[in-house]
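The values are calculated or read from the model by the stated rules, or taken from the named source; none is laboratory data. Not measured: the values here are computed from a predicted model. Here the Cβ positions follow ideal geometry from the backbone for every residue, glycine too, while neighbour counts run over all protein chains shown. The area values use the complete protein model at the heavy-atom level, side chains included, leaving out ligands, DNA and RNA. Shrake-Rupley method; radii C 1.70, N 1.55, O 1.52, S 1.80 Å.
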Amino acid sequence: MTDRQFPHHRSLTITESFKHDAEMLRQADRLFSSDWIVPQDITEHDLPYTESFLRQAYTNWLWLIPTRVREELGTPALYSYDGVRLYEGSWDLVEENREILNVELVQLSLKSKRIQIDPVGDYAYVSVPISARESELVLSVLLYRVEKQWTSCGALSIEGWALQLQQGFYREYEQIFIDDLNRSRGHAEFEAKRRDAVCDMIQTIHHHIDVDAVLSQIMLGVKKLLPTATAEVYVTQDLRIDNPRVKVLMFKPWEDSIVKQAFMTGSICYDQREDGCDIALALKGKQGAYGVLKLIFEHDIPESSELQFVQLIVEAAGAAFENAKLHEQANAVIQELSFINDLTTKINQTLHLKEIFDDATEELSKVFQADYCILLQYHDELARYDLVSQSVKEDHDAFHEPIAFYQHMSIVKEPFIISDAMEQGHGHGDFFENLNLRSVIAAPLVAGGVIKGIVIVGDSEPRFFTYDNFKLLQKLAQHMGLAIANATLHAQVKHLADKDQLTGLFARHYLNQQIDEQQHSTRCGSLIVIDIDFFKQINDTYGHLMGDQILSQVSRIISSSIREGDIAARWGGEEIAIYFPNLHASNAYKIAERIRMRIEKETEPNITVSSGVAQWGQHDEQISVESLFNRADMALYHAKQMGRNTIHIFTDTE
């Protein structure tokens, strides 16, 4: 459409005053927008995406137009940047081809970027382009139908309201950036709060030096970050945790594969399902992995940012877990040293084997708090193990049954641990079953490279003992073995000191000690002093070597003639003393007579002996050992006076 085709058609420009007002509006809009975002303008690449903003701006704009203005100007039609009608005007189309003419009028405004007028009868159609802020790029076109006699004020009004629509469009357009900024700011605030929460959790975790507390903080932190997830923690068998949500990490074929994989590799492992997923993260420190955190998502999949925060918690928890473990290990070492010190102090206070075994049993029961503590001693003469001490009073025949078990321990001389006798089945099921033992740790008691006994600690609960318990028993068994070696060596030395090397009988000091002890625990006792007749002549005739042989012969005859509880000792030279606990002199006389007769017949060369017998009883005043020997010696003197080869009993008249 040209000016020649429409002689009344003319183009209108915005007046200088209105340009000033428009510039003021732009500056105010920039000032308002500068607090939020940097002002943005539309480019030709944005035009295909402006329709929704135009529609919303047009709807809001209609609400702003006063009623009297709308009555005068009517409701304009809205066209897009490519001439497509978005909203119809409020007038009725009287001409059949008016729509085509309107489109042509709109296209003319789009090309010229100016207001175009098409007068028709009493009316005129006016198309007003809506331009971009900083360029002449046309965003849309408003189409008015006005009375033909409109004034320049009406033109200014149309242009002013068009400018108002432009500002409304930009508000809708910039609202995207504002909303995005708000979303970003909200997300940043949420992430900051979550980051602060994670930092607080990490600090709280690091403040704990208790393994159980660290695990509780892990599950609490995961619950806050991932409320829809179910958290499970798996730890190694050497840790005892009371929390029911903490499970033991068992390497069995049917166990959770991603848990084992996470523990072995130290990486994050996934198991995707149709409606959710499982995620396993290793709890590891600088020295290795200690457990696994498993997250179960039933109906959703976590975002990567959520997993990153969880991973931060897990890494902090792994370090805190390791610190807590090291702290517990340090305390365990201190406690272990205390146990060792208490045990060695107690068992080294005595050199009697029975007392050592009983003290060791008592201390081991305190240390391990187990149901049973059993100590077995090996007897070389009997070639078997005997129960010498236990922490329970009941006597079990089962201790004498597992011969193969004891033999195996004697051969390997190595300790062992059984976590569950029912599952592992070491071939000694009856032995453990009779004692109701599920968990067992045992160690040999070795002294001088020779096994002297076995210590067995057991409990009816499976997996009761940790590997640390096992190592502690090894150390305690070593100290017990040394104590047994010392006590055995002391017993051997004492035995040698208490024996006469020539005759094999006890020494005089041992006899004195035993008589003194017997006088406090028995009602009576008798003492025989035996002297070999003419012993000096034997030495002179046959030599001292023969004299020693005669003493040995006499000693063997005496040893085979007395009871197990009687005590025979070399008194000195050729004199031998025999003490009979709880035996009166009359009975002692009979034994002395039997000895005299055997010596006379069985010695080579034949010799004779003279004997003196003395006794003490409860009716006597407290008689000393020396007094008793004096009485027997006086009786011996009388026997020699009577011609030798005879026996005399001491009487109070002597």
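Per-structure values
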{"read-out": "Of all residues in segment 511-554 being assigned to a helix (DSSP H, G or I) and among the aromatic types (F, W, Y), the one that is nearest to D633 (Cα to Cα)", "value": "F535"}
{"read-out": "Cβ-Cβ under 8 Å pairs, at least 6 apart or on other chains, segment 37-50 side under 26 Å from R185 (Cβ atoms) and open to solvent by 60 Å² or more (accessible area, probe 1.4 Å), far side among the aromatic types (F, W, Y) and modelled with pLDDT under 90", "value": "Q40/Y173; Q40/F177"}
{"read-out": "Residue match in segment 285-293 (condition: under 27 Å from I417 (Cα atoms) and either open to solvent by 40 Å² or more (accessible area, probe 1.4 Å) or modelled with pLDDT under 75 (or both))", "value": "yes"}
{"read-out": "Every residue from segment 565-584 that is of a type outside the set (D, E), open to solvent by 10 Å² or more (accessible area, probe 1.4 Å) and without any contact (Cβ under 8 Å) to a residue 60 or more places away in the chain", "value": "G565, G573, L583"}
{"read-out": "Residues of segment 173-190 that turn out to be over 14 Å from Q56 (Cβ atoms) and acidic (D, E), as a count", "value": "2"}
{"read-out": "Subset of segment 299-356 (residues that are farther than 23 Å from G481 by Cβ and of a type in the set (F, W, Y))", "value": "F309, F321"}
{"read-out": "From S140, S131, S157, residue being open to solvent by 20 Å² or more (accessible area, probe 1.4 Å) and within 19 Å of Q107 (Cβ to Cβ)", "value": "S131"}
{"read-out": "Residues satisfying the stated conditions in segment 298-314, i.e. under 25 Å from the mean Cα position of the chain (by Cα) and touching a residue at least 24 places away in the same chain (Cβ under 8 Å)", "value": "L307, F309, V310, Q311, L312, I313, V314"}
{"read-out": "The lone exception for I562 - which of (1) surrounded by fewer than 20 Cβ atoms within 10 Å (Cβ to Cβ); (2) more than 17 Å from I607 (Cα to Cα); (3) modelled with pLDDT under 90; (4) not small (G, A, S) it fails", "value": "(3)"}
{"read-out": "Enumeration of residues in segment 545-559 that are without any contact (Cβ under 8 Å) to a residue 40 or more places away in the chain and open to solvent by less than 10 Å² (accessible area, probe 1.4 Å)", "value": "G547"}
{"read-out": "Those residues of segment 465-477 which are closer than 22 Å to G449 by Cβ and surrounded by fewer than 17 Cβ atoms within 10 Å (Cβ to Cβ), in sequence order", "value": "K471, Q474, K475"}
{"read-out": "Given (1) aliphatic (A, V, I, L, M); (2) closer than 20 Å to R171 by Cβ; (3) touching a residue at least 60 places away in the same chain (Cβ under 8 Å); (4) not in a loop (DSSP other than H, G, I, E, B), number of the condition V69 does not satisfy", "value": "(2)"}
{"read-out": "Meets criteria (in a strand (DSSP E or B) and either β-branched (V, I, T) or on the phi > 0 side of the Ramachandran plot (or both)) for I100", "value": "no"}
{"read-out": "Single residue of L326, L337, L343 found to be free of Cβ contacts under 8 Å to residues at least 40 places away in the same chain and more than 17 Å from T466 (Cβ to Cβ)", "value": "L337"}
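To keep it simple, each residue is scored yes or no on (1) touching a His at 6+ places or on another chain (Cβ under 6 Å); (2) aliphatic (A, V, I, L, M); (3) modelled with pLDDT of 90 or more.
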{"position": "V103", "(1), (2), (3)": "no, yes, no"}
{"position": "K111", "(1), (2), (3)": "no, no, yes"}
{"position": "R114", "(1), (2), (3)": "no, no, yes"}
{"position": "D122", "(1), (2), (3)": "no, no, no"}
{"position": "I130", "(1), (2), (3)": "no, yes, yes"}
{"position": "E134", "(1), (2), (3)": "no, no, no"}
{"position": "L137", "(1), (2), (3)": "no, yes, yes"}
{"position": "S140", "(1), (2), (3)": "no, no, yes"}
{"position": "Q149", "(1), (2), (3)": "no, no, no"}
